[in-house]
Amino acid sequence: MKYTWRVASETMRINPPVIISFRRTVQDIEYGGYMIPKGWQVRQITHKNKHVIENTIEKTAYLNLHTVLLCSSMTHMDNNIFQNPTTFNPTRFEKTAPSPPPFSFVAFGAGPRMCPGAELAKMETLAMIHRLVTQFTWVLLDKDEPFKRIPMPEFDKGLSVQIKPIKAASTSSEATM
């Protein structure tokens, strides 16, 4: 299951599960040479689609909210933090691999406001992946189907996959054991 979690972590690095999260500053802070006043809303956007970020900025301006936007892909897709960030590479999460700096991998948030269900989500993810790969065969039906990100991967015709059980379902007496 260790490698399975590395695969899940790498998947969440490339496509984080939460698109936007909100925080409000409780005091004036200076960050990167910018002053962020108390009470301003800070939004974390977790995708790398420039159009969506610009669209969010326009909507924020329309609502007249005092907002600072933080984008997790700024760290998730930063070549200085994750070498070759567009390459799917679960080995970057091995114990022998260099650890990313604190707060640079934020699939479940970080610090005191980290998702309280992160460990439950990890167990559910591992159980579901295990079940899907050990009990079913998968065949991609249209290998040339193009996709776009808005903000998550979206296929024009859907992702056509043929899924078949590897073995017959267990009997009801086996299922209750």
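The values are calculated or read from the model by the stated rules, or taken from the named source; none is laboratory data. This one's a predicted model, so the numbers in the text were calculated from it and none came from an experiment. Remember, those area values only see protein heavy atoms, side chains included, never the ligands or the DNA or RNA. Shrake-Rupley method; radii C 1.70, N 1.55, O 1.52, S 1.80 Å.
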Given the whole protein assembly as supplied and a 1.4 Å probe, what does the accessible area of S160 come to in Å², nearest 10?
50
Which residues' amide hydrogens lie under 5 Å from the amide hydrogen of F136, considering only partners 5 or more residues apart or on another chain, with H built in the peptide plane?
I166
Placed amide H near F108: partners under 5 Å, 5+ positions off or other chain
none
